[in-house]
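Peer 1: Below is a structure I'd like to ask you about.
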Amino acid sequence: MTSPYRDEREALLSDTDAPFNTSNIDSTEVNILNGHEDNPINAEYPLYGWFGRFRRSTTAVIIVTAIALFTDMIVYGIVVPILPLIVHERLGRDSKSIGFLFGCYAIGLLSSTPIFAVLSDKYHTRKIPMMFGMLSLAICSILFGIANSYWQLVVARIAQGAAGGASWTLSLAMLADRFGSGPKLGVVMGTVLSANTLGAIIGPLIGGLLYQYWGYVAPFFFCAILAFFGFLVISMIVEPSDLSTYQSVDENSIINDDIEDANQEFHTQSPSIWNLIFDWNIINICLAIIVVASILAGLEPILPIYLRKEFDADASLIGLIFIAIAIPTFLSPAVGYISFYIGQRKTCGIGMILMGIATPLISLPSKFWLVVLPLLFFGATYSIVTTPTLPLLGHYVTQKGGGAYGQIYALWNMAYSIGMFVGPVIAGLLFELFEFRNTLIIFGAAVLAITPLIFAGRLRDHADRIQI
């Protein structure tokens, strides 16, 4: 069948910030959220029942990736309000030790991500390494629960990060394999990030409640059970590379998809990871992600201590306050869709300016619940910055011939990992030297300083096209 997105893809290959021509697309043929063409799905999948067809649908891909990211984030978020209290009060360590422990997650993530990405691109499989990562996440959660020293917590935290490398990198790659480029990829990734947001919201809350009322072990065994459930869900999927014999759109899909084109992109000779690393358009996005991730991760070890000292907040209240950061990211699907039309780089740059303003505001409220307001603003800016970068990087891979989505999202993940490592460490040091407010002012200045690179990359894109 002919893809209704043909003009869109041609526009993508020529100009990331220019909207594509939709004048020749039948409104009954395309609906970004729920539309689908009527086609005889039973004839296309004669050997399978409804569950077999569902396992091969784009809906299943979205559900599985959403559950994988939700599980990874809830396991990550559960420890946010309790690790600082455990290290500071139970083990008698200072804020630098807390920052290093939070950063250890990034060490594991950074080390495992390129391995998962290269192998999954080479052998055209996302499912098996995702299953391995989720099972490893369950095991390291148990290690957290039985740890009784600081260095045992460090080992468990590194293992947790290594397991998370599979979920983040390969979930995004699986979506890009199936949905190609364009506004639909932005919407799908935004939708999946909403599930990630849900995990970020309830993770700290559950962690604080379980720790306060059921003790140290309860949050981590809850994580182990949840991760094992994620392992079972991932095992259900028939990944896109196994669908090459089917050349139609599945009526179970919630989003139209030209499966023939998606599989052609997946099987095209992919660019090397070095080709991606030395692309300036990709590198400046990754630099921005490092700074943004370091700010978010830097808040995690110092905000609980600040709230404890300033407002005498307990673990459950601290977990509750972190929800404010995550709530605005439910707007990610809308951000992903709108950014395609107004320019993904432009959207990202605007978000970074707003984040530079929002970060210092977190230190201003004089009452505990008023802290929610600047955290909501900060969470909105985080979504505006990060959401457009995901389909934008997928677009750059499409320009290079496709097939390296695992590696491009590995670079994104590695950049995020670097930020997650340096952010808590720097935050711990700055907090010791300059206190909370000045630490946030420095972070805000850092994100404003990196913003011109995003707009410079956009101007360079236009200059290259003018020369051509």
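Peer 1: Can you find, among Ile98, Leu226, Val79, the residue sitting farthest towards the positive end of the charge dipole of region 51-239, where Lys and Arg contribute +1 and Asp and Glu -1 at Cβ?
Peer 2: Leu226
Peer 1: Leaving ligands and nucleic acids out of the surface, order Tyr382, Tyr150 by accessible area at 1.4 Å, largest first.
Peer 2: Tyr382, Tyr150
Peer 1: Also: Calculate what fraction, in whole %, of the accessible area of region 51-239 sits on carbon and sulfur atoms when a 1.4 Å probe is rolled over the protein chains.
Peer 2: The nonpolar share, carbon plus sulfur, comes to 75 percent.
Peer 1: Which of the three applies to region 66-139, rounded, prolate or oblate, going by the alpha-carbon gyration tensor with a ≥ b ≥ c and a/c under 1.5 meaning rounded?
Peer 2: Because a/c hits 1.5 or more and a/b exceeds b/c, region 66-139 counts as prolate.
Peer 1: Taking a probe of 1.4 Å, how large is the accessible area per residue of region 51-239, in Å²? Don't skip to the answer; put the middle values down first.
Peer 2: Values: 5750 Å² over 189 residues.
About 30 Å² of surface per residue is accessible.
Peer 1: Rounded to the nearest 10 Å², what accessible area does Trp369 have for a 1.4 Å probe in the complete protein model?
Peer 2: Approximately 140 Å² of Trp369 is accessible to the 1.4 Å probe.
Peer 1: Starting from the Cα gyration tensor of region 51-239, take the square roots of the eigenvalues, sort them a ≥ b ≥ c, and report rounded, prolate or oblate (rounded when a/c is under 1.5, otherwise prolate if a/b is larger than b/c, else oblate).
Peer 2: Working: a/c = 2.13, a/b = 1.86, b/c = 1.14.
Prolate is the answer for region 51-239, as a/c is 1.5 or above and a/b outweighs b/c.
Peer 1: To the nearest 20 debye, what is the magnitude of the charge dipole of region 323-468 about its Cα centre, counting +1 on the Cβ of each Lys and Arg and -1 on the Cβ of each Asp and Glu?
Peer 2: Numbers: 8 positive and 4 negative charges, 66 e Å.
Rounded to the nearest 20 debye, it is 320 debye.
Peer 1: I've got another one for you. If the reach is capped at under 20 angstrom between alpha carbons, list the lysines near Lys346, excluding any in the same chain fewer than eight residues apart.
Peer 2: By straight Cα distance, Lys346 reaches Lys184.
Peer 1: Would you mind pulling out the separation of the Cα centroids of region 292-333 and region 104-176, in Å?
Peer 2: 24 Å
Peer 1: In region 272-460, carbon and sulfur make up what percent of the accessible area (probe 1.4 Å)?
Peer 2: On region 272-460, the fraction of accessible area on carbon and sulfur atoms equals 73 percent.
Peer 1: Of Thr451, Thr398, Thr191, which has the most accessible area with a 1.4 Å probe, and how do the rest follow in descending order?
Peer 2: Thr191, Thr398, Thr451
Peer 1: Per residue, how much accessible area does region 272-460 show when a 1.4 Å probe rolls over the protein heavy atoms, in square angstrom? Don't jump to the answer; show the numbers that get you there.
Peer 2: Values: 6500 Å² over 189 residues.
Per-residue value: 34 Å².
The values are calculated or read from the model by the stated rules, or taken from the named source; none is laboratory data. Predicted, not measured: the structure shown is a model, and the values here were computed from it. Using ideal geometry, Cβ is built from the backbone for each residue, glycine included, and neighbour counts are taken over all protein chains shown. The protein model used for the area step is the full one, side chains on, heavy atoms only, and it has no ligands, DNA or RNA in it. Shrake-Rupley method; radii C 1.70, N 1.55, O 1.52, S 1.80 Å.
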